[in-house]
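Working notes for the structure below.
What follows draws every value from the coordinates through simple rules; no lab data is involved. The model shown is predicted, which means the values in this text are computed figures rather than measured ones. Ideal geometry is used to build each Cβ from the backbone, glycine not excepted, and the neighbour counts take in all protein chains shown.
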């Protein structure tokens with residue numbers, strides 16, 4: 001079981017010293033990886049939302065994941081990195097392939113790319129991308145990126161991409177970067193089963209619903225002609241709720257369910273998730289320290 005921590009940029013700030021201090025503390029505590037999210041832009045928080053429409057704002061800072069993780073790659077030596085998630089269809093595919101390859105080189109192959117389709121239409125509008133075909137495009141994006149990572153020059157003609165004998169440099173040393181998908185719809189699970197290296201669900205806590213979804217993923221993976229052991233799963237534990245004993249119980253549940261990665265998060269607040277009270281580096285380091293001490297003997 002690999003154990004990760006979320007990067008609480010929205011609380012601790014965006015400057016180099018706090019980012020470095022948190023990343024190095026996570027590495028020193030024995031965390032395997034740091035994960036960070038992605039929002040390129042958000043709406044003015046003072047502007048009323050249309051009724052019944054969920055709109056993300058720019059109230060809280062979100063570093064570009066490739067920038068902040070590349071910075072942390074220069075401040076650490078063992079820590080792995082993950083995006084959770086990059087909203088692929090609002091970005092240019094070849095550019096993401098290039099950025100991911102560069103980050104993978106800078107951290108010596110300790111990077112996995114979590115991707116998703118997003119929900120904040122205002123970002124798609126600002127980036128001049130189509131919000132309504134994002135699911136279909138994301139599958140072709142994965143195919144294009146994998147080709148660019150594996151081959152020095154690529155010929156590709158698809159529905160959304162046309163590459164004529166060209167490529168990126170540098171490429172990942174291994175020729176591959178693991179691609180994980182976020183999301184919970186059946187279409188996402190089938191996508192993970194067919195072409196994913198892992199699944200990153202956030203909605204489910206320990207319980208029957210989570211077990212049923214994991215089993216559904218395994219069924220879809222077999223139907224796709226793949227071994228379910230090829231597809232890993234990440235679960236999140238909220239440090240703003242529960243006690244160390246409850247964290248241990250949740251960790252054990254996920255371990256018994258065959259989950260391969262557990263992320264301790266301190267800032268995400270939606271549904272079952274709660275953020276911690278503190279807003280400083282010391283507060284967040286103390287929280288993740290308490291978590292890893294609680295579960296260290298279980299990993």
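Estimated from the Cβ-Cβ distance and a Förster radius of 30 angstrom, the FRET efficiency linking residue 290 and residue 212 is about 0.45.
Inter-part distance, region 176-194 to region 224-299, computed on C-alpha centroids, equals 20 Å. Between residue 20 and residue 270, the modelled label-to-label distance comes to 3.3 nm, taking each label 7 Å out from Cα in the direction of the beta carbon. Relative to the longest principal axis of the Cα atoms of the chain, the long axis of helix 93-106 lies at roughly 50 degrees. The largest-to-smallest principal axis extents of the Cα set in region 2-298 are 55, 46, 45 Å.
For the chain, the longest principal axis of the alpha carbon atoms and the long axis of helix 208-223 meet at an angle near 30°.
Using C-alpha pairs below 8 Å separated by at least 6 residues, the relative contact order for the chain is 18 percent.
For a test of the definition: using alpha carbon positions, the gyration tensor, and the 1.5 limit on a/c, classify region 103-183 as rounded, prolate or oblate. Cα axes put region 103-183 in the oblate bin. Across region 143-265, C-alpha contacts under 8 Å between residues 6 or more apart give a mean separation that, scaled by the residue count, equals a relative contact order of 18 percent. Relative to the dominant Cα principal axis of the chain, helix 244-256 is inclined by about 40°. Summary of packing: across the peptides 163-175, 86-98, the per-residue average of other C-beta atoms within 10 Å ranks them, highest first, as 86-98, 163-175. Extending 7 Å from the Cα toward the beta-carbon at both residue 28 and residue 136 defines two label points whose distance is 5.2 nm. In this simple spin-label approximation, residue 55 and residue 160 carry label points 7 Å from Cα along the Cα→Cβ vector, and these lie 2.5 nm apart. Using a ≥ b ≥ c from the Cα gyration tensor of region 27-182 (square roots of the eigenvalues), is it rounded, prolate or oblate, where a/c under 1.5 gives rounded and otherwise the larger of a/b and b/c decides, a/b for prolate? In terms of gyration-tensor shape, oblate. Placing one equal scatterer on every Cα of region 1-78 and applying the Debye formula, the log10 ratio I(q)/I(0) at q = 0.20, 0.23, 0.24 Å⁻¹ is -0.86, -1.04, -1.11.
Residue ranges 234-241, 269-276, 181-188, 104-111 sort as 234-241, 104-111, 181-188, 269-276 when ordered by packing (mean number of other C-beta atoms within 10 Å per residue, highest first). Highest average first, the peptides 243-255, 142-154 ordered by how many other beta carbon atoms sit within 10 Å of their residues are 142-154, 243-255.
Only Cα pairs under 8 Å and 6+ residues apart enter the sum, and on that basis the relative contact order of region 65-148 stands at 38 percent. If the segment from residue 297 to residue 64 were pulled out straight at 0.36 nm per residue, it would be longer than the present Cα-Cα gap by 80.5 nm.
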